[in-house]
1. Near the axis that takes chain B to chain A, which B residue has its beta carbon closest, and at how many Å?
2. Please report the base-10 log of the normalised intensity I(q)/I(0) for segment B:1-129, using a Debye sum with one equal scatterer per alpha carbon and no solvent, at each q in 0.10, 0.11 (1/Å).
3. Which whole number gives the average count of other chain Cβ atoms within 10 Å of the Cβ atoms across peptide B:161-167?
4. Taking the Cα centre of segment A:1-65 as origin and charging only Cβ (+1 Lys, Arg; -1 Asp, Glu), how large is the dipole, in debye to the nearest 20?
5. Report, as a whole number in µm² per second, the diffusion coefficient that Stokes-Einstein gives for segment A:1-56 at 37 °C and 0.692 mPa s using the Kirkwood radius over alpha carbon pairs.
6. Calculate the dipole size of the protein assembly as shown relative to its Cα centre from +1 charges on Lys and Arg beta carbons and -1 charges on Asp and Glu beta carbons; express the result in debye to the nearest 20.
7. For the protein assembly as shown, restrict the atom set to alpha-carbon positions and state the Rg and Dmax in Å.
8. For a quick check: with amide H placed at 1.01 Å from N, whose amide H comes under 5 Å from A:Ser38's, ignoring anything fewer than 5 positions away on the same chain?
2 protein chains.
Amino acid sequence: MRIGELSRATGVAIPTIKYYVREGLLPAGRLTSPNQASYDDSHVRRLRLIRGLMDVGGLSVSAVREVLAAVDTPDESVHKVLGAAQLAITPPPAVTPDGMEAARSKVAELIRQRGWRVEMENPAVEALAVALATFRGIGRGEFEEIMDDYADACERVAGADLAWVGRNAEVDSMVETVVVGTVLGDTVLMAMRRLAHADASARTYEDGQGEGEGGEG
Amino acid sequence: MRIGELSRATGVAIPTIKYYVREGLLPAGRLTSPNQASYDDSHVRRLRLIRGLMDVGGLSVSAVREVLAAVDTPDESVHKVLGAAQLAITPPPAVTPDGMEAARSKVAELIRQRGWRVEMENPAVEALAVALATFRGIGRGEFEEIMDDYADACERVAGADLAWVGRNAEVDSMVETVVVGTVLGDTVLMAMRRLAHADASARTYEDGQGEGEGGEG
């Protein structure tokens, strides 16, 4: 297909497509004449991935380039490619509160107890330690007592997420699902948690039912 | 206590304390002489709440004023006060993708099926609808198939959260826990979800164990 068809098929403007080619995100089309190139389905898929990473994942051009480099390295395992995608959308924590050493130990202990196979260099380890140190710093260290409920919930969500990612046959498509699912999934989780809070509060404080099931639905 | 002691007890600078009094966030001290005022433990608690709302919750002065107004209205139920605190830290979604009507119906259906006692005006309803509409808009509407796993996880977390909030006897303190716990709890949830992803990916793609428990701990 010509660049105009590629643009219509993906909703990406022609100058933007040319920009992605110049920046090395999208392979150039096959030249069919000195100033005309032909594109195929692999370009459509790649453009969708680029836009998913940028629009939903909020990735910069250089972050997209890194993710695509992992996708395009033939001997990388799926686990490594998914890890690279995850890494690109996990910014390092902006603050370093006091008490980070104790908080990091606590995170290491949680990971050990859970049997989670994660590397301690994973930026989410530091992000979790920052949150725990902040809780302690404001006198709310007892939050750690309910941390296992959070871990149970996250295992549940991650299991569903991975099964969803695994339904895609191609690595391109899996990477897109990881990025989109991680970013939008966070939003879903935050919104649903607030709804579940409102529900739990209504049950606890409106009629004293406490643990009641069902409701007015 | 004098304002200097109040400042030391809370870590809030004297000019800031005076600013909060002028803005109506903190009740004035009891005048003991024409230019000296006396403060008590209620001021310490209130200052901690103000700082928790601002520093951890990221609330503006006017948002803090609204939350405090709910805290200080004697005939408001605990449920209403917690709801006001929750509302203050839930900004309305910044975007309105196409397909919002269908997404809102889907959220209403979820709420009905779950028996969640929440008002449809809750901003989290709209936030969830935006996320679902975005998934559909990028051709990932099948995310809705795993939405119930998310809802199960959120009920689990919300139950633990509410029990934690309920350990505080005073409404001031409960409100602070709601705000701090909601905001920091989001961070914990996001970080743990990424760790659980890494673990699930390692199990699925590194050794094909799939559903295996345990690990290398």
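Values quoted throughout were computed directly from the atomic coordinates according to the rules given, and no laboratory measurement underlies them. Just so you know, these numbers come straight off a predicted model, no measurement behind them. Positions of Cβ are backbone-derived with ideal geometry, glycine not excepted, and every protein chain shown enters the neighbour counts.
1. So the chain B residue sitting closest to the axis is B:Ala153, 2.
2. Computed log10 I(q)/I(0) values: -0.47, -0.54.
3. 6
4. Using Cβ point charges on Lys, Arg, Asp and Glu, segment A:1-65 gives about 40 debye.
5. In µm²/s, the coefficient rounds to 292.
6. So the magnitude is around 1560 debye.
7. When restricted to Cα atoms, the protein assembly as shown yields Rg and Dmax of 24.6, 92 Å.
8. So A:Ser38 has HN proximity to A:Arg30, A:Leu31, A:Thr32.
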